[in-house]
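The block underneath contains the structure these notes are about, expressed in structure tokens.
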Amino acid sequence: MSTRPFRIAPSILSADFSRLGDEVTAIVDAGADYIHIDVMDGHFVPNISFGAPVMKAIRSVTEKIFDVHLMIAPTDAYLADFAKAGADIITVHAEAGPHLHRSLQAIRALGKKAGVALNPATPVSTIQHVIDDVDLVLVMSVNPGFGGQSFIPDALTKIAQAKALIGRRDIDLEVDGGVTASNARAIVDAGANVLVAGSAVYGGNDPSTYAGRIAAIRDA
Ligand code: DX5
Ligand code: ZN
């Protein structure tokens, strides 16, 4: 069980993009802690979502933490754009390039919190030598690229391993993919303190349901 504050980070990937600003306001009003922003390039992952200009457009609707998950390769050339567009946490994938340490340093040099994400097949040991260079570890519990996939059960083992690596450090442990009110308890018990939820919050795109959906995950 994590001792760090529990956070829910709804992913706007499942929002209705035709009224994105209102969808962000609605999850803030419904109790979101972080706003999870999934950036996909159609190269590192087999899907394209949106980039820094879209993120910048929603920066004006809330002061909440923008938790930016970059599923792009290469990453370094775009970090300043996302910092300028209002990111608070910038997470890069460990698999996205050969110089992870450099990318993490670059994020911190921009004055932002640095995160590192691990695809399902990537072992926790990959980040053992950069653990003091990160503010957040993101364990992917689906193959990145799409919302609405099922949670991969092996992720629970990895969350526990990541928690052990983090130890007493001041680092968020985030889990992304297939999170629901039914598995949230097990994920937090394994050691995570930040849960990303896309379809579990935005499913149906009916703002009147968002508070109940967020509460169901929080109360689990
Ligand atoms: C997957 C994204 C996730 C996704 C989660 O590539 O990184 O953040 O939006 O969506 P759900 O919660 O529907 O699995
Ligand atoms: Zn994500």
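Values quoted throughout were computed directly from the atomic coordinates according to the rules given, and no laboratory measurement underlies them. Here the structure is a predicted model, which means the values were calculated and not measured. Every residue, glycine among them, receives a Cβ derived from its backbone with ideal geometry; neighbour counts consider all protein chains shown.
So, in segment 1-14, of the ones that are part of a strand (DSSP E or B) and of a type in the set (A, V, I, L, M), which residue ends up farthest from the chain's Cα centre (by Cα)? Show your work before the answer.
Our first condition is that a residue be part of a strand (DSSP E or B); within segment 1-14, this holds for 7-11.
Add one more test, that the residue is of a type in the set (A, V, I, L, M), and what stays is 8-9.
Details: 8: 10, 9: 7 Å.
My answer is 8.
Across segment 167-220, what is the total count of residues that are closer than 19 Å to residue 156 by Cβ, within 10 Å of ligand 1 (Cβ to nearest atom) and of a type in the set (S, T, N, Q)?
Residues that pass the stated criteria total 1.
Could you grab me the full set of residues in segment 5-30 that are among the hydrophobic types (A, V, I, L, M, F, W, C), over 18 Å from residue 212 (Cα atoms) and in contact (Cβ under 8 Å) with a residue 60 or more places away in the chain?
Going residue by residue through segment 5-30, those that are among the hydrophobic types (A, V, I, L, M, F, W, C) are 6, 8-9, 12-13, 15, 17, 20, 24, 26-28, 30.
This time we only want the ones that are over 18 Å from residue 212 (Cα atoms), so: 13, 17, 20.
The answer is 13, and nothing else.
If you go through segment 182-201, how many residues are surrounded by fewer than 24 Cβ atoms within 10 Å (Cβ to Cβ) and not in a loop (DSSP other than H, G, I, E, B)?
Residues in segment 182-201 being surrounded by fewer than 24 Cβ atoms within 10 Å (Cβ to Cβ) and not in a loop (DSSP other than H, G, I, E, B): 7 in total.
What is the number of the single condition among (1) assigned to a loop (DSSP other than H, G, I, E, B); (2) among the β-branched types (Val, Ile, Thr); (3) under 24 Å from residue 74 (Cβ atoms); (4) within 14 Å of ligand 2 (Cβ to nearest atom) that residue 179 does not meet?
Condition (3) is where residue 179 drops out.
Somewhere in segment 158-171, is a residue in a strand (DSSP E or B), in contact with a helix residue (DSSP H, G or I) (Cβ under 7 Å, 6 or more places away or on another chain) and surrounded by 20 or more Cβ atoms within 10 Å (Cβ to Cβ)?
Initial filter on segment 158-171 (in a strand (DSSP E or B)): none.
Looking through segment 158-171, none of the residues is in a strand (DSSP E or B), in contact with a helix residue (DSSP H, G or I) (Cβ under 7 Å, 6 or more places away or on another chain) and surrounded by 20 or more Cβ atoms within 10 Å (Cβ to Cβ).
Residues of segment 33-50 being more than 12 Å from ligand 2 (Cβ to nearest atom) and in a strand (DSSP E or B), which ones?
Our first condition is that a residue be more than 12 Å from ligand 2 (Cβ to nearest atom); within segment 33-50, this holds for 33, 41-44, 46, 48, 50.
41, 48 - these are the residues of segment 33-50 that are more than 12 Å from ligand 2 (Cβ to nearest atom) and in a strand (DSSP E or B).
Starting from segment 31-56, take each residue that is closer than 30 Å to residue 215 by Cβ and list its partners that are among the basic types (Lys, Arg) and part of a loop (DSSP other than H, G, I, E, B), counting only C-beta distances under 9 angstrom and pairs at least six apart or across chains.
Pairs found: 32/64; 33/64; 34/64; 35/64.
Is there a residue in segment 15-32 that is part of a loop (DSSP other than H, G, I, E, B) and touching a strand residue (DSSP E or B) at 6+ places or on another chain (Cβ under 6 Å)? Break it down stepwise before answering.
Here is the first cut: in segment 15-32, the ones part of a loop (DSSP other than H, G, I, E, B) are 15-16, 30-32.
Adding the requirement that they be touching a strand residue (DSSP E or B) at 6+ places or on another chain (Cβ under 6 Å) leaves 32.
Taking every residue of segment 15-32 in turn, at least one turns out to be part of a loop (DSSP other than H, G, I, E, B) and touching a strand residue (DSSP E or B) at 6+ places or on another chain (Cβ under 6 Å).
Every residue, every condition in (1) part of a helix (DSSP H, G or I); (2) crowded, with 22+ Cβ neighbours inside 10 Å, yes or no:
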{"site": "74", "(1), (2)": "no, no"}
{"site": "82", "(1), (2)": "yes, yes"}
{"site": "91", "(1), (2)": "no, yes"}
{"site": "105", "(1), (2)": "yes, no"}
{"site": "116", "(1), (2)": "no, yes"}
{"site": "132", "(1), (2)": "yes, no"}
